[in-house]
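*Asks:* Please read through the structure below; I'll follow up with questions.
Laboratory data are not the source of any read-out in this text; all were calculated from the coordinates shown. Computed from a predicted structure; not experimentally measured. Every residue, glycine as well, gets a Cβ built from its backbone with ideal geometry; the counts of neighbours run over all protein chains shown.
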Amino acid sequence: MDVYDAPGNYKTTLLKREDPILVYRKNIGNESAIGFYNQGKTMLHFNRLDGEFIEIYPDGILGRRFRIRDDSLQKIARELRANLEKEARLSSLQTDILSFLLYTDFCVDERGNLYVVQLRAEKNNKVQIIWTFDPEQKCLFGDISLPGGEKIKALYFWNGQFFLVSDEEKIWVTRRRVL
């Protein structure tokens, strides 16, 4: 993550990719989501493959790191990386971008709770897992499902409502349940 001033001059790098992205003729698309957090006081970087969040302060200092704790999805992430490296050795393609996403982008509500949904659910499973982090990064999780077996591929929060985009490009609007 690089910082540029208004005229477009490079200033500094806030966050560097830990893994090299080029694996013998293959470009791994370790896609990320970036958004505001902590009532807009910090930014949050989310790696959509390994489920890790990194808080970034306005002065460029990296803050807390926290992650989604799901052993089965972490195993899938490791297997995807290993299979990609194996496939890359066998490929004759010069450039090929492969993206592997295990999570949706995140969204943050007005209370500072952070939400993210499991992107890849089992084919016959009609529910996905949703994780909720409170402002202190305590994590709760539960099931979420859309009518007709549709899968959530993106979620947003605005003005007290959640907007869930399905794999069939439908948008479902809901309010948070008060517990």
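*Asks:* Express the Stokes-Einstein translational diffusion coefficient of the range 100-179 in µm² s⁻¹, to the nearest whole number, given a Kirkwood radius over alpha-carbon pairs, 10 °C and a viscosity of 1.306 mPa s.
*Replies:* It diffuses with D of about 123 µm²/s by this estimate.
*Asks:* Order the peptides 6-13, 139-146 from the highest to the lowest mean number of other Cβ atoms within 10 Å of their residues.
*Replies:* Sorting 6-13, 139-146 by mean packing, highest first, produces 139-146, 6-13.
*Asks:* Using a Förster distance of 25 angstrom, determine the FRET efficiency expected from the C-beta separation of ARG78 and LEU15, and round it to 0.05.
*Replies:* That gives a FRET efficiency of 0.65.
*Asks:* Could you work out how far apart the two model spin labels at MET1 and ARG120 are, taking each label as a point 7 Å from the Cα in the direction of the beta carbon, and quote it in nm?
*Replies:* Between MET1 and ARG120, the simple spin-label model gives 2.5 nm.
*Asks:* I want to check the label-to-label distance for ASP143 and ARG175. Put each point 7 Å from Cα in the C-beta direction and report it in nm to one decimal.
*Replies:* The answer from the label model is 2.6 nm.
*Asks:* Between GLU136 and ASN113, how many nm apart are label points set 7 Å from Cα along the C-beta direction?
*Replies:* 1.6
*Asks:* So between TYR57 and GLU31, what do we pick up on full extension, going 0.36 nm a residue minus the alpha carbon distance?
*Replies:* Here the answer is 7.3 nm.
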